1. Cβ-Cβ distance below 6 Å, separation of 6 or more or different chains: which pairs start in region 68-87 with a residue that is part of a helix (DSSP H, G or I) and end on one that is among the hydroxyl-bearing types (Ser, Thr, Tyr) and surrounded by 12 or more Cβ atoms within 10 Å (Cβ to Cβ)?
2. Would you check if Arg30 is without any contact (Cβ under 8 Å) to a residue 60 or more places away in the chain, of a type in the set (Lys, Arg) and under 20 Å from Glu123 (Cβ atoms)?
3. Which residue, of Tyr25, Tyr56, is crowded, with 19+ Cβ neighbours inside 10 Å, assigned to a helix (DSSP H, G or I) and of a type in the set (Ser, Thr, Tyr)?
4. What are the pairs, 6+ residues apart or on separate chains, where a residue within region 1-20 that is surrounded by fewer than 17 Cβ atoms within 10 Å (Cβ to Cβ) has its Cβ under 6 Å from a residue that is not small (Gly, Ala, Ser)?
5. Of all residues in region 88-118, which are in a loop (DSSP other than H, G, I, E, B) and either modelled with pLDDT of 90 or more or crowded, with 19+ Cβ neighbours inside 10 Å (or both)?
6. Within region 72-95, how many residues are among the aliphatic types (A, V, I, L, M) and within 15 Å of Ala11 (Cα to Cα)?
7. Just wondering, is there one or more residues in region 19-42 that are among the basic types (Lys, Arg) and under 19 Å from Ile75 (Cα atoms)?
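The values are calculated or read from the model by the stated rules, or taken from the named source; none is laboratory data. Given the structure is predicted, the values throughout are model-derived calculations rather than measurements. Please note: Cβ atoms are built from the backbone with ideal geometry, for glycine as well, and neighbour counts cover all protein chains shown.
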Amino acid sequence: MEIISEEQARAYSPLTLAFFGDSVYEVLVRQKIVLGGSCPSSKLHKAAVEKVRASYQSAAIDLIEPMLTEAEAEIVRRGRNSHTATVPRSSNPREYRRATALEALFGYLYLIGANRRMEELFEVIYNGKGEET
């Protein structure tokens, strides 16, 4: 895995970070599901879809936002404010923008080699428990 500097990662467009982060986030979800125990592939797929859909990712932003560093919050803001050509029918524009923001964050964290931080945020999302404020 090639690690790049934070400055280099910030130079990517938020949609590029989200493009990559989508796959990073999905691998984390699939790994967590598979490590939870063996079951039929249809159940695995259903469980993964539940955690990667835009509405789930949008809600995940609320869980982790209080935990974000200034740099991470900036990536999320850029991702949320980016404009995509289309929004899937299964989502609404607000959810989709927030899901894009989450994916951009995961792409950024992976590229800079912040695996521990990425896993810390993912655990909060997956377990649905944010920091108490």
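1. Filtered contacts from region 68-87: Ile75/Tyr108; Gly79/Thr100.
2. Numbers: without any contact (Cβ under 8 Å) to a residue 60 or more places away in the chain: yes; of a type in the set (Lys, Arg): yes; under 20 Å from Glu123 (Cβ atoms): yes.
Criteria met by Arg30.
3. Tyr25
4. Ile4/Leu111; Glu6/Ile112
5. Ile112, Gly113, Ala114
6. Residues in region 72-95 being among the aliphatic types (A, V, I, L, M) and within 15 Å of Ala11 (Cα to Cα): 2 in total.
7. Pass one, region 19-42, residues among the basic types (Lys, Arg): 30, 32.
Subset that is under 19 Å from Ile75 (Cα atoms): none.
No, region 19-42 contains no residue that is among the basic types (Lys, Arg) and under 19 Å from Ile75 (Cα atoms).
Each row is one residue, and each column tells you yes or no for (1) out of contact with any Ser or Thr (no Cβ under 8 Å at 6 or more places or on another chain); (2) of a type outside the set (A, V, I, L, M, F, W, C).
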residue: Arg53; (1), (2): no, yes
residue: Tyr56; (1), (2): yes, yes
residue: Leu63; (1), (2): yes, no
residue: Ile75; (1), (2): yes, no
residue: Thr84; (1), (2): no, yes
residue: Glu95; (1), (2): no, yes
residue: Leu109; (1), (2): yes, no
residue: Arg117; (1), (2): yes, yes
residue: Gly128; (1), (2): yes, yes
